[in-house]
Amino acid sequence: LFAVNSPDINKEVTKQLDTLVNLLKDNEKILVHIVGRTDNTGREAYNQRLSTSRAEAVGLYLMDKGIAIGRITFEGKGSSEPIGDNTFEEGRRKNRRVEIILKE
């Protein structure tokens, strides 16, 4: 979803987010919790802020598409709980992500 040190959403994934927007518009009882993540490069305090900014960016995207702010929460978790090996670029790329949790 994100380039190194950036909270900007990559254009290639907006189609996936638009699918989420359509789901949320069709099911107005669904709430969204967005968790931002980073790789482990840089200081953890920086990664914490960056991960929060990434979650906010996705939340703003949803709001810009008409999803009510009251349905969206977000948090940043820095580089905790990686899904990829931070030793290699491929793993770090996997760790620069958001997780979207849907709740009814």
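The values are calculated or read from the model by the stated rules, or taken from the named source; none is laboratory data. Computed from a predicted model, the values in this text were never measured in an experiment. All Cβ positions, even for glycine, are placed from backbone atoms using ideal geometry, and neighbour counts span all protein chains on display. Heads up: the accessible areas ignore ligands, DNA and RNA and are worked out on the full protein's heavy atoms, side chains in. Shrake-Rupley method; radii C 1.70, N 1.55, O 1.52, S 1.80 Å.
Some notes on this structure:
- Cβ crowding within 10 Å averaged over residues, with 19-30, 90-101 ranked highest first: 90-101, 19-30
- Neighbour cut-off at most 11 other Cβ (10 Å), DSSP loop, chymotrypsin sites (Phe, Trp or Tyr not before Pro), region 1-98: Phe88
- Partners for Lys15 among lysines (Cα-Cα distance below 23 Å; same-chain residues under 8 apart left out): Lys25, Lys29, Lys65, Lys94, Lys103
- Cα centroid separation, region 76-90 to region 16-71 (Å): 18 Å
- Amide H within-cut-off set for Val4, under 5 Å, with H built and near neighbours excluded: none
- Overall, the accessible surface of region 3-104 at a probe of 1.4 angstrom is composed of carbon and sulfur to the extent of 52 percent.
- The angle between the Cα long axis of helix 14-26 and the main principal axis of the chain comes to about 30°, on a 0 to 90 degree scale.
- Accessible solvent surface per residue of the chain, calculated while the other protein chains remain in place, 1.4 angstrom probe, Å²: 60 Å²
- Straight-distance candidates among the aspartates and glutamates for linking to Lys77, with alpha-carbon spacing under 19 Å and chain neighbours fewer than 8 residues away dropped: Asp8, Asp39, Glu44, Glu56, Asp85, Glu99.
- The chain - mean residue ellipticity at 222 nm from DSSP helices (-39,500 (n - 2.57) per run, n ≥ 4, rounded to 500): -12500 deg cm²/dmol
- Under 5 Å, built H, 5+ apart or other chain: amide partners of Phe74: Ile34
- Between Asp18 and Glu104, residue separation times 0.36 nm minus the direct Cα-Cα distance comes to 29.0 nm.
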